[in-house]
Structures are given as structure tokens and as C-alpha cells.
1. Would you point out the residue of the range 143-158, among those that are in contact (Cβ under 8 Å) with a residue 40 or more places away in the chain, surrounded by fewer than 22 Cβ atoms within 10 Å (Cβ to Cβ) and farther than 15 Å from ASN257 by Cβ, that is farthest from the chain's Cα centre (by Cα)?
2. If you go through the range 270-296 one residue at a time, how many are over 20 Å from LYS150 (Cα atoms), in contact (Cβ under 8 Å) with a residue 40 or more places away in the chain and crowded, with 16+ Cβ neighbours inside 10 Å?
3. For ALA251, work out the one condition from (1) under 27 Å from GLY119 (Cα atoms); (2) buried (at least 23 other Cβ atoms within 10 Å of the Cβ); (3) modelled with pLDDT of 95 or more; (4) of a type in the set (Gly, Ala, Ser) it doesn't fulfil.
4. Pairs under 9 Å by beta carbon, first residue within 17 Å of SER99 (Cβ to Cβ) in the range 40-60, partner assigned to a loop (DSSP other than H, G, I, E, B) and of a type in the set (A, V, I, L, M, F, W, C), six or more apart or different chains?
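The values are calculated or read from the model by the stated rules, or taken from the named source; none is laboratory data. What you see is a predicted model; the values in this text were computed from it and never measured. Note that each Cβ is placed from the backbone with ideal geometry, even for glycine, and that neighbours are counted across all protein chains shown.
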Amino acid sequence: MGVIFGVDVGGTTVKIGMFDKEDSLKYKCEIKTDTSDKGSFILRDICKKLQDILQENSLTPNDCDGIGIGLPGPVTNDGRILGCVNLGWGIFNIEEKLSQMFYGVKVRAGNDANLAALGEKLAGGGRGHENVLMITLGTGVGGGVIIDGKIVTGTNGAAGEIGHMPVNFHETDVCSCGKKGCLEQYASATGIVRLTKKYIGEYKESPLYGYKINGKEITAKDVMDLAKAKDELSVKVIDEAALYLGMALAASASVINPDCIVIGGGVSKAGDFLIDKVEKSFMEYAFVPCRNVIFRQAELGNDGGMYGGAGLIK
């Protein structure tokens, strides 16, 4: 029996999935990401867990056909990670190092957002499509591009960073990347909260104004739920987020011409309420030959990176 491991390394946890030759997920687990000592124990901990999983399933390293690993940073086509700030890592060849540490098993690495996109293309919202643009709406905005069934990495692994596409040239607040007017400042969970706080003084009848008075933290979910209930402030914020997101996707479509756009991340749990607004904005701004796109909600959730990791080996 040949198995493949899909590994998704995050700043808090490492998700590990074992797949069989039919791409079926047979086993999954999480371990804590030990970022102490500049992340020097992370690969050791992964190898130990992989060994344990094989033993628990009466397998040996000879039964492992490969390890696909996703990382929160840019990864080049030859397997070099170009630094992961939240892991404490610098620049090194992750494929070579992990393979050396785990019995010479074949290793392929990629950016975590790219692998989530590949996972959705193979087994989630993008399955059946060869040209997929995925955008992940979470604390930030991530993206991944699949063309002809393959990940597009770019020169240094930073392709698909749609969250830092400039969409508002009049913005005065600074994005986490140091620029101003990035998509992430509007369409991420933190961006939605930022916009809410920006406009809240104009909407004293909104329940969210009561949050401000009482010192209660506002979340993106609060804003989304109230937008569904037609709260004017919340509707304004979500409409603005959807407007900029649709514009950014339209600009991206003019370059890569996808046949499917997959929207994932925590904010996407709003479902059709959000996706319909984004699609409307997209259709308004997209180049006509690029409008023939199917919008889908991501289906794999936190498992997408593991599926994508396995897909790298396949």
C-alpha cells in the first residue's frame, strides 16, 4: 500500500493527512507548532508524527510515496522557502531538508494558500475545473492560482497574493504589508471590522454602535449577521467589501482567465449572501470575454492544504 502525506504548517498548528492511492483521506490529525528557538523543532516534530502514523497503520517509510507540505510563506519551484516570519524560519531548501530527515522520501513544498487552491481544485469547490482562482478571506486575504491544473508560483513564490492588490488609491490607512489601499484592508475579517469602526459614528441606531458604547468587541461575523438582518451600517460595510473584492477578482480574471473562482476562509461562511454580492461586482467590472466564470464556495475548510499537499506529490 503506497500512501501520501499532506502537511499544512500553520503558526499555531500543523495539520497532517494520510491519503491512499485513490486520493482518499484515510487519517488526519494536528500537532502544535513549536515556534521556539526560531522554529528549529518543527520539522523534527513533523517527522516524529509521520513515523507514529505509519506505525499505527502497520506501515513503514517504504510505504510512503511522498510528502507534500504547505508553508505560510513564499516557496520557489525548486523547494526553497524564502522565509516564514510566524515560524521563525529564514531561507533554506525545505524539500531537501525534510527528505533527509525522513528516510529520503520524496518531498514537494508550496505556499499554503496555493496548496489550499490546489486542494479545492482536486477535491473541493473547484473540482472539474482546470483554471481556478481561489481567494481566502480570513484574518487576511490569501489567494492561489491554478492554470491548466498546475499551481502558478511566479518568480519567487508570491503569485496569487491578491490580498495585496491595490483597489483604493485614496486610502490613507496603512495595510500590514506597508502599502495603502490593499484589498485585504476591506475584504478580510479585520478589514470588515476596520470599516465598521470607520463608519460607526454615522449610524448611532445600529446595534453595533451599542457595542462601541459598551466596549464590546465587534467581529466580522457580527457585521455579516447584521447585514443579513438589513442593519444599514452593516450593509454599507459588506457592500463595500464585496465591491472591492469583485473589482480585484475582475482585474485578476483579465490576466488569468479562470473558469472557476472559489471563495474560502471564515468570512466565506456567509455563503450566497456574500458570494452573490461579489459576483455582481465582478460582472460589472470584468472584461466581457472573462465573465464566463462559475463562483463556488470552498468545500474543504481547514483540510484544503492537506489535500493540496497530497496533490503536489500526485
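1. Out of the qualifying residues, it is ASN156.
2. First, the residues of the range 270-296 that are over 20 Å from LYS150 (Cα atoms): 270-289, 291-292.
Those still in the list that are in contact (Cβ under 8 Å) with a residue 40 or more places away in the chain too: 270, 273-274.
Next cut, crowded, with 16+ Cβ neighbours inside 10 Å only: 270, 274.
Of the residues in that region, 2 qualify.
3. Against the list (1) under 27 Å from GLY119 (Cα atoms); (2) buried (at least 23 other Cβ atoms within 10 Å of the Cβ); (3) modelled with pLDDT of 95 or more; (4) of a type in the set (Gly, Ala, Ser), ALA251 comes up short only on (2).
4. ILE42/LEU87; LEU43/PHE102; ILE46/PHE102; CYS47/PHE102; LEU50/PHE102; LEU50/VAL105; GLN51/PHE102
Per-residue answers, yes or no, for (1) at pLDDT 90 or above; (2) surrounded by 14 or more Cβ atoms within 10 Å (Cβ to Cβ); (3) closer than 20 Å to GLY110 by Cα; (4) out of contact with any helix residue (DSSP H, G or I) (no Cβ under 7 Å at 6 or more places or on another chain):
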{"site": "PHE19", "(1), (2), (3), (4)": "yes, yes, yes, no"}
{"site": "ILE42", "(1), (2), (3), (4)": "yes, yes, yes, yes"}
{"site": "LEU50", "(1), (2), (3), (4)": "yes, yes, yes, yes"}
{"site": "LEU54", "(1), (2), (3), (4)": "yes, yes, no, no"}
{"site": "ASP65", "(1), (2), (3), (4)": "yes, yes, yes, no"}
{"site": "GLY79", "(1), (2), (3), (4)": "yes, yes, yes, no"}
{"site": "TRP89", "(1), (2), (3), (4)": "yes, yes, yes, no"}
{"site": "ASN93", "(1), (2), (3), (4)": "yes, yes, yes, yes"}
